[in-house]
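**Student:** For reference, the structure I am asking about is given below.
The values are calculated or read from the model by the stated rules, or taken from the named source; none is laboratory data. What you see is a predicted model, and the numbers here were worked out from it, not measured in a lab. Methodologically, a virtual Cβ is constructed for each residue, glycine included, from the backbone with ideal geometry; neighbour enumeration extends over all protein chains shown. These accessible areas exclude ligands, DNA and RNA; they are computed on the full protein's heavy atoms, side chains included. Shrake-Rupley method; radii C 1.70, N 1.55, O 1.52, S 1.80 Å.
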Amino acid sequence: MALPEAIQLEIVAPDRLVFSGEVQEVTIPGAEGYLGILPGHAPLLSELKTGIISYPDGEDRVELFCSSGFAEVLPGRVIVLAEEVESPEMIDGSQAQADKEKAEQMLRSRDPGTDYQAALTLLEQASARLQLVD
Amino acid sequence: MPGNLIHFRRRVRSVKNIQQITRAMKLVAASKLKRAQDRIIAARPYANRMLSVLNSMARRIDPAQHPLLAQRDRERVMLVVVTGDRGLCGSFNSNIIRSAMNFIEDEAANRTLSLTLVGRRGVEWFKTRPWQVRHEFVNIMTRVDHRYAREIGKGIIDYFSASELDAVYLVYNEFKSVVRQDVILEPLLPIRRLEFEQESDTDPGVDYIYEQPPREMLDFLLPRHVETQIFRAMLESEAAEHGARMTAMDAATRNAKEMIDQLTLTMNRIRQASITTEIIEIVSGADALEG
């Protein structure tokens, strides 16, 4: 069975098509950890968690922030459907920093009314954004 | 005669007022159309990719794995009708209702049919008719929001999962271009199981590797798919409605202009005729005096 030489990668957010093109490799934040995908990967379906999608673009790598969604991997095609996708230029670093501090404060507080799940999500998103901005 | 003249003047004035309104409506629709058009064009890729992932998935996995994939005999069918909240948009709403009625007549003979109505026009039409309406949503088409799509989707999913429905169809206006809307009637649930057209080398029809238990994955994926398709249908319908209204109001404005021209012409003729008659009277009166 001939294996495909490249991956047709498509990254889509609910409000736009973020990227569509051929790449040699792509890394996506699967729910159980980062997945590096090369052409010819076996069919796979995964939920995505907040993190960073990256793929090579010439010498550089393109890195994008994404929050929850899912990805379908086929031997010659990867479709990423994410709720939010942001490129580093779109991220407001100071806002992310503020979010992170707020989330940490929520987690430290002993108030029983604290929504820990929301705080964790916020922290995760803020940290992933900060990672891209730095 | 003068009474007649006044009558024409009044009519011209009232047609002018109508024309002003239709022109304003056309301009408003045009500006709203722009925004709605941008939204639907931006939202299409996500909905299309979602559908293609779902189709690809549906032929790999066993339908027994999730209630939303269950293929049952189509006994109880639901139709989701997306109309506008307002009229004055040409045949936009009547096309949808006609196509819904055709579907209902075909289906209802030997099946139980229920409806979910989105948009006031549809609600008003079906109010007096005997079909069971499960949900109604009015006044949401003016500001289409993902929240509503989620709510509508949830209602449908609940019924379907509880096996109270066997199939769900969606009918809406698709935005083709500013002057063209197509009525689309498409199945929403169960998710269709496409067979492989050909066994290709790169796409063997084998089951996925799952990062999570399949059930969990599907719980996440399938409701989202339903929501996305409903959301897309609503955005399509919104853009199509503004397009239809713009065309209808443009035609109305042109008709009004034509009518004003006609009336003005007739009015001037009447006035001229009365002036002529008066002059003749005066002249012949003067002649009589001189003679």
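**Student:** Output the 0 to 90 degree angle, nearest 10, between the alpha-carbon long axis of helix A:116-133 and the longest principal axis computed from the alpha carbons of chain A.
**Tutor:** 60 degrees
**Student:** Can you compute log10 of I(q)/I(0) for chain A with the Debye formula, treating each Cα as one identical point scatterer, at q = 0.14, 0.19, 0.22 Å⁻¹?
**Tutor:** The calculated log intensity ratios at q = 0.14, 0.19, 0.22 Å⁻¹ are -0.66, -1.05, -1.28.
**Student:** For segment A:7-86, go through all pairs of different Cα atoms, get the mean of 1/r, take its inverse, and jot down that Kirkwood value in Å.
**Tutor:** Working: mean 1/r = 0.0822 Å⁻¹.
Computed over segment A:7-86, the radius equals 12.2 Å.
**Student:** Per residue and in cubic angstrom, what volume does the convex hull of the Cα atoms of the protein assembly as shown have?
**Tutor:** Working: hull volume 110.1 nm³, N = 425.
Residue-normalised Cα hull volume stands at 259 Å³.
**Student:** When the accessible area of the protein assembly as shown is split by element with a 1.4 Å probe, what percent falls to carbon and sulfur?
**Tutor:** On the way: 11050 of 21750 Å².
Roughly 51 percent, rounded to a whole number.
**Student:** Something else now. Quick one: net charge around B:P45, please, counting Lys, Arg +1 and Asp, Glu -1 for every other residue with C-beta under 13 Å from its C-beta. Intermediate results must be reported in sequence, preceding the final value.
**Tutor:** Values: positive: A:R16, B:R39, B:R44, B:R49, B:R232; negative: A:E10, A:D15.
Neighbourhood net charge equals +3.
**Student:** Separate question: Length gain on complete extension for the stretch B:E107 to B:R143, per 0.36 nm per residue less the alpha carbon to alpha carbon distance?
**Tutor:** 9.7 nm
**Student:** So how far apart, in nm, are the two label points at B:N55 and A:E59 if each is 7 Å from Cα heading toward Cβ?
**Tutor:** So the label points at B:N55 and A:E59 sit 4.2 nm apart.
**Student:** If you add up the charges near B:E151, with Lys and Arg at +1 and Asp and Glu at -1, over every other residue whose beta carbon is less than 15 angstrom from its beta carbon, what do you get?
**Tutor:** Numbers: positive: B:R134, B:R143, B:R147, B:R150, B:K154, B:R224; negative: B:E136, B:D145, B:D158, B:E227.
Computed value for this residue: +2.
**Student:** Report for chain B the percent antiparallel among DSSP-assigned beta bridges with both residues inside it, nearest 5. Intermediate values should be presented prior to the final figure.
**Tutor:** Numbers: 9 of 26 bridges.
Percent antiparallel among DSSP bridges in chain B is about 35.
**Student:** With a 10 Å cut-off between alpha carbons and a GNM built on chain B, which of B:M234, B:M217, B:M249 moves the most?
**Tutor:** Maximum fluctuation in the GNM of chain B, among the listed residues, is at B:M217.
**Student:** Here's something else I'd like to know. Would you compute, from DSSP H runs of 4+ residues alone, the mean residue ellipticity of chain B at 222 nm, taking -39500 (n - 2.57) per run and dividing by the full residue count, rounded to the nearest 500? Working shown, then result.
**Tutor:** Details: 5 runs with 175 residues, N = 291.
Using -39500 (n - 2.57) per qualifying helix, the result is -22000 deg cm²/dmol.
**Student:** Using only DSSP helix segments of four residues or longer, with each worth -39500 (n - 2.57), what per-residue ellipticity at 222 nm results for chain A after dividing by its residue count and rounding to 500? Write out the running numbers ahead of the final one.
**Tutor:** Numbers: 2 runs with 34 residues, N = 134.
Helix contribution divided over all residues of chain A: -8500 deg cm²/dmol.
**Student:** For B:D207, which sequence-distant residues (separation of 5 or more, or a different chain) have an amide H within less than 5 Å of its own amide H, given hydrogens modelled in the peptide plane?
**Tutor:** none
**Student:** To continue, here is another question. Which residue fluctuates the most in chain B, going by a Gaussian network model with Cα springs under 10 Å, if the choices are B:P130, B:P187, B:P223?
**Tutor:** Top of the fluctuation ranking is B:P130.
**Student:** Another question about this same structure. Calculate how many DSSP beta bridges within the protein assembly as shown are antiparallel, expressed in % of all such bridges and rounded to the nearest 5. Don't skip to the end; give the middle numbers.
**Tutor:** Values: 43 of 67 bridges.
Percent antiparallel among DSSP bridges in the protein assembly as shown is about 65.
**Student:** Determine the total buried accessible area between chain A and chain B, counting protein heavy atoms only with a 1.4 Å probe; round to the nearest 100 Å². Present the calculation step by step, with values, prior to reporting the outcome.
**Tutor:** Numbers: alone 7850 and 16410 Å², together 21750 Å².
What A and B bury together is about 2500 Å².
**Student:** Return the aspartates and glutamates within reach of B:K34: Cα separation strictly under 14 angstrom, same-chain partners fewer than 8 residues apart disregarded; answer none if there are no such residues.
**Tutor:** The reachable aspartates and glutamates, counting only those whose Cα sits under 14 Å from B:K34, are B:E236, B:E238, B:E241.
**Student:** A follow-up question, please. Ignoring ligands, DNA and RNA, what accessible area per residue does segment A:22-94 give at 1.4 Å, in Å²?
**Tutor:** Working: 2800 Å² over 73 residues.
Per-residue value: 38 Å².
**Student:** With respect to the cross-link table entries A:K100/B:K32; B:K26/B:K176; B:K16/B:K176, which display a Cα-Cα separation exceeding 29 Å? Write down the numbers at each step before the final one.
**Tutor:** Details: A:K100/B:K32 38 Å; B:K26/B:K176 19 Å; B:K16/B:K176 32 Å.
Check vs 29 Å cut-off fails for A:K100/B:K32; B:K16/B:K176.
**Student:** Taking springs between alpha-carbon atoms closer than 10 angstrom, which of B:A239, B:A149, B:A24 fluctuates most in the Gaussian network model of chain B?
**Tutor:** B:A24
**Student:** Relative to the longest principal Cα axis of chain A, at what angle does helix A:93-108 sit, 0 to 90 degrees, rounded to 10?
**Tutor:** 60 degrees
**Student:** Would you tally the net charge around B:F103, using a Cβ to Cβ cut-off of less than 12 Å, leaving B:F103 out, and scoring K and R as +1, D and E as -1? Intermediate values should be presented prior to the final figure.
**Tutor:** Details: positive: B:R98, B:R111; negative: B:E105, B:D106, B:E107, B:E186.
Every neighbour counted, the sum reads -2.
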